[in-house]
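Here is the structure we will look at, set down as structure tokens.
The values are calculated or read from the model by the stated rules, or taken from the named source; none is laboratory data. The structure displayed is predicted, hence computed values, not measured ones. Neighbour counts are summed over all protein chains in view; Cβ atoms, including those assigned to glycine, are modelled from backbone coordinates with ideal geometry.
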Amino acid sequence: MIVQEIRRIAEEEGLAVWGIGPASKMADEAPGHRPDDFLPGVRSLICFGIPVPAGIYQMQAHGLDTAWRSQNLCYRHLDTLSLRFAALLEDHGEKAVPIYGCMPLDLNGKGRVVGYVNQIRMGEIVGIGAIGRNGLLINSRFGSRLMLGGVLTSAALTETRHPNTDEPGCPLDCRICAEACPVNAIMPDQRKVRIMKCLNHTARMPLMSKPWFVLLRAFDPAVAARYMNLRSFDEHTFHVCSKCVALCPYGEEN
């Protein structure tokens, strides 16, 4: 019954992709970033995505500004949906925690910026994409353009995904994203990104003092994370590079 209601909301909201999978498959995540660190007794993951239109990444003028605005609007819609799905689950007597699309973020034990729960991994587990060589979730219809939202819940939900397709993943010889990255932040063989190298190049946060952030990070990471979240929330951060998304050919045949 709950899955049917999730499906109804997804159709009503025009969600391009969504899925449900077992939270147990994230038990090997880093301590502090496992689903049961946020919700004791968690049993299921819900993850869903909204694509940024492909044309935005092909714009000859004002493309970065338009992508920036589009991504922020997607995040707000995703966060609202996370809350709506969580409320639905709790109406059925279950516990639920929204996992927001971007902010707030955390610092891990190595001082790197990370999400509370890895949504890219969530998307892979529920079957709406595969982790690409650019470290992003790639989907056979939308490539690397999906923005993600999610929910953790105590409900034991039936595994499902929409659409019900398999994701073959990147061709083994494709290195387009890695070769295009201006700071060599992409590690294609490990399907990972050197996140701090990426952010130091692409993120512009005019309201946040980077020297002050670095000092706080050295002495009190929790305070540094709170400072970062307050100063860079939503439109307060501008990204000057999306080459790993714009040039990714995955899904172009569709």
Legend entry - Residue pairs meeting the criteria (Cβ under 8 Å; at least 6 apart or on separate chains; first under 13 Å from Lys95 (Cβ atoms), in the stretch 149-170; second aliphatic (A, V, I, L, M) and in a loop (DSSP other than H, G, I, E, B)): Leu152/Leu39; Leu152/Val42; Leu152/Val117; Thr153/Leu39; Thr153/Val42; Ser154/Leu39; Ser154/Val42
Legend entry - Residues of the stretch 16-36 satisfying the condition of being more than 19 Å from Gly129 (Cβ to Cβ) and in contact with a Pro (Cβ under 7 Å, 6 or more places away or on another chain): none
Inset, instruction - Kindly establish whether Glu167 is outside any loop (DSSP other than H, G, I, E, B), among the acidic types (Asp, Glu), out of contact with any helix residue (DSSP H, G or I) (no Cβ under 7 Å at 6 or more places or on another chain) and surrounded by 18 or more Cβ atoms within 10 Å (Cβ to Cβ). - result: no
Legend entry - All positions within the stretch 104-118 that are in a loop (DSSP other than H, G, I, E, B) and either free of Cβ contacts under 8 Å to residues at least 12 places away in the same chain or over 15 Å from Val223 (Cα atoms) (or both): Lys110, Tyr116, Val117, Asn118
Legend entry - Restricting the stretch 131-164 to residues that are crowded, with 17+ Cβ neighbours inside 10 Å and of a type in the set (S, T, N, Q), the residue that is farthest from Glu13 (Cα to Cα): Asn134
Inset, instruction - Among residues belonging to the stretch 207-251 that are over 21 Å from the mean Cα position of the chain (by Cα) and part of a loop (DSSP other than H, G, I, E, B), point out the one that is surrounded by the fewest Cβ atoms within 10 Å (Cβ to Cβ). - result: Leu207
Inset, instruction - Considering only the stretch 59-87, state which residues are farther than 17 Å from Gly14 by Cβ and not in a loop (DSSP other than H, G, I, E, B). - result: Gly63, Leu64, Asp65, Thr66, Ala67, Trp68, Arg69, Gln71, Asn72, Leu83, Ala86, Ala87
Inset, instruction - Being farther than 10 Å from Val126 by Cβ and either at pLDDT 95 or above or surrounded by fewer than 17 Cβ atoms within 10 Å (Cβ to Cβ) (or both) is the filter here, so list the residues in the stretch 14-31 that pass it. - result: Gly14, Ala23, Ser24, Met26, Ala27, Asp28, Glu29, Ala30, Pro31
